[in-house]
Amino acid sequence: MAALVLGITVATATLTVALEVGDRMAREFRSLGANLLVTPESDTLPLEIGGVDYRPVDEGAYLQEADLGKLKTIFWRHNILGFTPFLDVPAYVSATGGATTLIGTWYDHEVAVPDGTTFKTGVSVTHPWWKIQGRWFSDAANECVVGASLAAKYPGAIAIGKTIYVAQTEKSSDIRPLVVTGIVSTGDAEDNAILVPLSVAQGISNHPGQFRQLFVSALTKPADAFAERDPKSLTPTEYDRWFCSPYISSISYQIKQVIPGVDVRAIRRVAETEGRILSRVSTLLWIVTLAALIAAGLAVAATSAAAVLERRVEIGVMKAIGATNTSVTALFLTEHLTLALIGGAIGFFLGAGLARFLGASVFGTPASPRFILLPVVLGLAILVALIGGLIPLRRAARFDPAPILRGE
């Protein structure tokens with residue numbers, strides 16, 4: 001029983017962590033940012049040289065802001081943690097004395113969902129690594145944040161608290177004053193641009209209610225060969241299994257269903273890294289679980305063999321007065337099953353405590369007990385006890401009582 005308690009404790013802890021590690025690590029990975037990019041399907045292909053996109057920012061088709069609430073109606077709607085639209089606009093900025101890129105987006109915006117609820121999202125969810133000095137703009141105010149590189153070029157004209165003026169062109173009569181509320185550092189093109197509320201960029205570019213790109217942050221499971229199959233080639237049963245699995249491909253497919261005319265691409269550098277790490281961690285946990293069960297089985301086999309040898313006289317007496325091989329085996333099996341149930345139950349609760357400790361140490365929050373594992377753990381304990389005691393029990397059933405009773 002002690003051997004089973006130890007083995008089942010480790011197995012319960014690793015199984016509990018394995019069940020939670022996917023969601024926990026996926027949520028941790030969301031700090032890397034969005035993992036899906038949505039663009040108009042009819043858009044032109046980007047011209048990238050050395051990682052720089054040379055396509056004009058006002059080229060191509062547009063998507064409708066009113067459709068974004070539909071993202072929270074797909075089958076895996078709860079796995080959509082956030083989404084942020086972007087609209088790049090070339091504009092004249094008085095502080096720079098020339099054309100500068102305005103990037104319209106949301107910071108913390110409330111989106112109406114068709115079911116009557118609302119959902120808050122923005123760069124605070126999809127781009128959490130962006131560093132801000134000062135504060136972010138309010139989505140409904142005439143405010144902006146300026147990229148760190150651009151602010152460094154014009155230290156006198158662009159600073160937190162100052163007002164800058166932007167217009168579509170230098171001669172445009174529609175001039176908008178924007179209060180600089182912060183300086184943002186992203187390590188990307190935003191460092192040389194001015195980030196404004198999406199409504200401001202839409203007004204300046206004369207594209208009300210529209211945007212160009214959408215970044216989506218979604219919880220997904222690691223992709224496998226089945227995830228990469230074309231849904232058109234799947235049988236109805238295979239399609240249901242693929243559709244009901246949170247693969248990045250199936251979530252992309254569902255986004256296309258609710259927002260027609262879009263192209264959804266995985267941001268591979270994020271998605272592939274997540275998949276590799278999640279797969280390796282899960283594999284490691286399953287190996288540890290298997291090793292713990294094998295060790296428990298070997299310990300059970302050794303103690304069972306010792307018990308059979310110690311009780312060979314009792315076995316000889318039982319068989320001498322008429323006990324059959326079946327009845328002798330049944331006696332030992334009953335003892336093994338009783339010890340397995342007791343050891344499995346104790347191991348489950350000790351393992352749940354160990355899982356809480358591991359969860360708090362690794363993820364910062366304790367892992368919740370999974371009582372759905374209790375019957376599984378008890379079944380494993382019984383299986384280990386039976387397999388471990390199989391050879392000793394077969395040996396006990398074949399004992400010849402005569403030599404034993406003569407002391408040979």
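Derivation of every value follows stated rules applied to the coordinates shown; laboratory data play no part. Computed from a prediction, not measured in an experiment: that's the story for all the values here. Ideal geometry is used to build each Cβ from the backbone, glycine not excepted, and the neighbour counts take in all protein chains shown.
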Name the residue farthest towards the positive end of the dipole of region 35-266 from the options P260, V125, P40, assuming +1 on Cβ of Lys and Arg, -1 on Cβ of Asp and Glu, about the Cα centre.
-> V125
Under a 5 Å amide H to amide H cut-off, with H placed in plane at 1.01 Å, what residues pair with A61 once short-range neighbours are removed?
-> D43, T44
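Grab the beta carbon distance between L333 and T283, set R0 = 25 Å, and tell me the FRET efficiency rounded to 0.05. Intermediate results must be reported in sequence, preceding the final value.
Details: r = 34 Å, r/R0 = 1.37.
For L333 and T283, the calculated efficiency is 0.15.
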Per-residue ellipticity at 222 nm for the chain, helices alone: DSSP H runs ≥ 4 residues times -39500 (n - 2.57), over residue total, nearest 500 deg cm²/dmol?
-> -15000 deg cm²/dmol
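Given charges of +1 on the Cβ of Lys and Arg and -1 on the Cβ of Asp and Glu, with all other atoms neutral, how large is the dipole of region 35-266 about its Cα centre, in debye to the nearest 20?
Details: 18 positive and 25 negative charges, 86 e Å.
Here the size comes out at about 420 debye.
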Extension gain A323-D108, at 0.36 nm per residue separation less the Cα-Cα distance, in nm?
-> 69.6 nm
Based on the Cβ-Cβ distance from W129 to R312, what FRET efficiency comes out when R0 is 56 Å, to the nearest 0.05?
-> 0.20
Assigning unit charges at the beta carbon (Lys, Arg +1; Asp, Glu -1) and nothing else, what dipole magnitude in debye, to the nearest 20, does the chain show about its Cα centre?
-> 1460 debye
For region 158-175, what does the Karplus curve 6.51 cos²θ - 1.76 cosθ + 1.60, with θ = phi - 60°, yield as ³J(HN,Hα) per residue in whole Hz, taken in order and with x for Gly and Pro?
-> 10, 7, 4, x, 7, 10, 10, 10, 10, 8, 5, 9, 5, 9, 5, 7, 8, 9
Dipole magnitude of region 194-239 about its Cα centre (Cβ charges: Lys, Arg +1; Asp, Glu -1), debye to nearest 20 | 180 debye
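If we count other beta carbons within 10 Å of each Cβ, what is the order of K72, K256, fewest first? Don't jump to the answer; show the numbers that get you there.
Details: K72 20, K256 15.
Sorted ascending by nearby Cβ count, the order is K256, K72.
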Contour minus Cα-Cα distance for E41 and L298 (0.36 nm per residue) | 86.6 nm
Quick one: compute the contact order of the chain, relative version, from alpha carbon pairs under 8 angstrom and 6+ residues apart, as a percent.
-> 26 percent
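Looking at the square roots a ≥ b ≥ c of the eigenvalues of the Cα gyration tensor of region 35-266, which shape do they give, rounded for a/c under 1.5, prolate if a/b is larger than b/c, or oblate? Numbers along the way, then the final one.
Numbers: a/c = 2.15, a/b = 2.02, b/c = 1.07.
Prolate is the answer for region 35-266, as a/c is 1.5 or above and a/b outweighs b/c.
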Step through the residues of region 126-138 one at a time and calculate ³J(HN,Hα) from phi using the Karplus curve (6.51 cos²θ - 1.76 cosθ + 1.60, θ = phi - 60°), rounding each to whole Hz and writing x for Gly and Pro.
-> 8, 9, x, 7, 4, 9, 10, 9, x, 9, 6, 5, 8
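Mind ordering 303-311, 177-185 by average Cβ neighbours within 10 Å, highest first? Please report the intermediate quantities before stating the final value.
Details: 303-311: 15.7, 177-185: 18.7.
Averaged packing, sorted descending, gives the order 177-185, 303-311.
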Which one of I382, H207, T96 has its Cα pushed farthest toward the positive end of the charge dipole of the chain, where Lys and Arg give +1 and Asp and Glu give -1 at the Cβ?
-> I382
Which helices count as membrane-span-like in the chain under these terms: full DSSP H, at least 27 Å along the axis by C-alpha, Kyte-Doolittle mean of -1.0 or more?
-> 2-29, 268-310, 325-363
For each of C244, C144, count neighbouring Cβ atoms within 10 Å of the residue's Cβ, then give the residues from fewest to most.
-> C244, C144
Charge dipole (the chain, unit charges on Cβ, about Cα centre) - positive-most of I391, F75, W136 | I391
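What is the fewest-to-most order of Y62, Y247 by other Cβ atoms lying within 10 Å of their Cβ?
On the way: Y62 16, Y247 23.
Neighbour counts put them in this order, fewest first: Y62, Y247.
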Would you calculate the separation in nanometres between label points at K256 and V179, each defined as 7 Å from the Cα along the Cα-to-beta-carbon direction?
-> 4.6 nm
